[in-house]
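The values are calculated or read from the model by the stated rules, or taken from the named source; none is laboratory data. Since the model is a prediction, treat every value here as computed from it, not as a measurement. Positions of Cβ are backbone-derived with ideal geometry, glycine not excepted, and every protein chain shown enters the neighbour counts. We work out accessible area using only protein heavy atoms, side chains counted, and drop any ligands, DNA or RNA first. Shrake-Rupley method; radii C 1.70, N 1.55, O 1.52, S 1.80 Å.
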Amino acid sequence: MPRARSQSAEAPPDPRIDDIVPAAALPLGEVELIGAHLGPLAFGPPAVLVDGHSAHVLMSRPTRLALRIPEEASTGLIEVRSPSGASNTVPLRIGHQLSAGLHPVTSPAVSRSGMIYATISGPRGKQTPVSIVRISPDGRGTPFVTGILNATGLAFNPDGDLFVTSRAEGNVYRIDPSGESTVYAEGMGVATGAAFDAQGNLFVGDRSGTIFKIDPQRKIFVYATLEPSPAAYHLAVNGEGTLFVTTPSLNSNDTIWAIDTHGQSSVWYRGLGRPQGLALSKDGDVYVTACLHGRRGLVRITAAGQASLAVAGTNLVGVAFSPLGTTVLATNEAVYDVDLGVEGMTLY
């Protein structure tokens, strides 16, 4: 006669979340939970809720669970549910979409008042109705500049004037407060990235292999030469005048270059997949939109060369720090902000 199953058998323990990596994400970004009893179950992975919305589970192991953030989710809590019960909840910062229908190809620019400027760049050689959009911190977007073909790199000078490159024309334009543009420099090749240093020198990256320096008197110099990029150059300058440059390629082991004040270049960090827009924090860390160990998003790299994923997100092309305290992120079609508690470096 078969023996009856004991009614005193212990129920399986509830799931437990100890950590979430990274602690911030954009909608559709992929994050990983670290903990215990996270699956898999006999019938499949456990259920995961993000801000009350069901998330797609990508991988489930007893101590690890990877998931994709639902498109509808906003900043909220993550919870794992199994037949035995529900886990503790952990907070996740989710980026808030400010504006869509754009076409940035590098980092946005943020004014001292917190206004965000992003491009509608368009395919090479094709004119778009609007070149640059101005976005208020609460997400109200208005057309700002028209008539610039393939507007690409954006930068503010020490006086607060906005400049933009045209990768199709090889020109740099100065934009006045009303949105009118005038040519500032010509002959910059495939002009992509742009950045000012504290002395008012403008650096422009020609993705075919040249970094130009334009001094405040508008004299143009060849500052450095690097490997060409099939996409764009992306630039940022620190307080010592070191210029950081990414040259994304099809390689999964791309480099961030550091160019000193004498124009000498060296490898600052190697090991990123398609690094694009970058920005510097007050602490001297470099934040770059890239792929790190197969995971896409915003990567933080310390001065000691330690890299980690700060924000999970797909299709990211650029980053900027707002004086209002948020981090502004650009995908290839939208602009988001998220509060990472990071203060950007201020040069002027």
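Quick one: would you say Leu26 is within 27 Å of Val328 (Cβ to Cβ) and either at pLDDT below 95 or open to solvent by less than 10 Å² (accessible area, probe 1.4 Å) (or both)?
Working: within 27 Å of Val328 (Cβ to Cβ): yes; either at pLDDT below 95 or open to solvent by less than 10 Å² (accessible area, probe 1.4 Å) (or both): yes.
Answer is yes for this residue.
Filter segment 135-147 down to residues that are small (Gly, Ala, Ser), in a loop (DSSP other than H, G, I, E, B), closer than 14 Å to Tyr336 by Cα and in contact (Cβ under 8 Å) with a residue 24 or more places away in the chain, then give me how many there are. Walk me through how you get there before you give the answer.
Start the filter on segment 135-147 by keeping residues that are small (Gly, Ala, Ser), which leaves 136, 139, 141, 147.
Next cut, in a loop (DSSP other than H, G, I, E, B) only: 136, 139, 147.
Add one more test, that the residue is closer than 14 Å to Tyr336 by Cα, and what stays is 136, 139.
Next, only the ones that are in contact (Cβ under 8 Å) with a residue 24 or more places away in the chain stay: 139.
Adding up the residues that qualify gives 1.
Can you tell me which condition Thr142 does not meet? The list is (1) in contact with an Asp or Glu (Cβ under 6 Å, 6 or more places away or on another chain); (2) at pLDDT 95 or above; (3) surrounded by fewer than 19 Cβ atoms within 10 Å (Cβ to Cβ), and all the others hold.
(1)
Scan segment 251-262 and report the pairs whose first residue is free of Cβ contacts under 8 Å to residues at least 60 places away in the same chain and open to solvent by less than 60 Å² (accessible area, probe 1.4 Å) and whose second residue is outside any strand (DSSP E or B) and charged (D, E, K, R), with Cβ atoms within less than 8 Å and a gap of 6+ or a chain change.
Going by the 8 Å Cβ cut-off, the qualifying pairs are Asp254/Arg274.
Hey, does segment 148-161 have a residue that's closer than 17 Å to Gly318 by Cβ, of a type in the set (S, T, N, Q) and part of a loop (DSSP other than H, G, I, E, B)?
Yes, segment 148-161 contains a residue that is closer than 17 Å to Gly318 by Cβ, of a type in the set (S, T, N, Q) and part of a loop (DSSP other than H, G, I, E, B).
So, in segment 73-98, of the ones that are under 21 Å from Leu340 (Cα atoms) and open to solvent by less than 40 Å² (accessible area, probe 1.4 Å), which residue ends up modelled with the lowest pLDDT? Give the derivation first.
Narrowing segment 73-98 to residues under 21 Å from Leu340 (Cα atoms): 73-78, 89-98.
Filter once more, so that each one left must be open to solvent by less than 40 Å² (accessible area, probe 1.4 Å): 73, 76, 78, 90, 92, 94-95, 98.
Working: Ala73: 94, Gly76: 83, Ile78: 97, Val90: 96, Leu92: 96, Ile94: 97, Gly95: 97, Leu98: 97.
Among those that are under 21 Å from Leu340 (Cα atoms) and open to solvent by less than 40 Å² (accessible area, probe 1.4 Å), it is Gly76.
Those residues that are among the small types (Gly, Ala, Ser) and either surrounded by 13 or more Cβ atoms within 10 Å (Cβ to Cβ) or without any contact (Cβ under 8 Å) to a residue 24 or more places away in the chain (or both), I need them from segment 29-63; list them, please.
Start the filter on segment 29-63 by keeping residues that are among the small types (Gly, Ala, Ser), which leaves 29, 35-36, 39, 42, 44, 47, 52, 54-55, 60.
Within segment 29-63, Gly29, Gly35, Ala36, Gly39, Ala42, Gly44, Ala47, Ser54, Ala55, Ser60 qualify.
If the requirement is being surrounded by 14 or more Cβ atoms within 10 Å (Cβ to Cβ), under 30 Å from Ala320 (Cα atoms), among the aliphatic types (A, V, I, L, M) and at pLDDT 95 or above, which of these qualifies: Ile69, Ile17? Talk me through it step by step, then tell me what you get.
On the way: Ile17 fails: under 30 Å from Ala320 (Cα atoms).
Matching residue, one of Ile69, Ile17: Ile69.
Check Ala118 against each of (1) within 24 Å of the chain's Cα centre (by Cα); (2) outside any strand (DSSP E or B) and name the one condition it does not meet.
Status for Ala118: all satisfied but (2).
Every residue, every condition in (1) open to solvent by less than 10 Å² (accessible area, probe 1.4 Å); (2) out of contact with any Cys (no Cβ under 7 Å at 6 or more places or on another chain); (3) assigned to a loop (DSSP other than H, G, I, E, B), yes or no:
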{"site": "Val133", "(1), (2), (3)": "no, yes, no"}
{"site": "Ala168", "(1), (2), (3)": "no, yes, yes"}
{"site": "Ser178", "(1), (2), (3)": "no, yes, yes"}
{"site": "Gly189", "(1), (2), (3)": "no, yes, yes"}
{"site": "Ile211", "(1), (2), (3)": "yes, yes, no"}
{"site": "Pro216", "(1), (2), (3)": "no, yes, yes"}
{"site": "Ala231", "(1), (2), (3)": "no, yes, yes"}
{"site": "Glu240", "(1), (2), (3)": "no, yes, yes"}
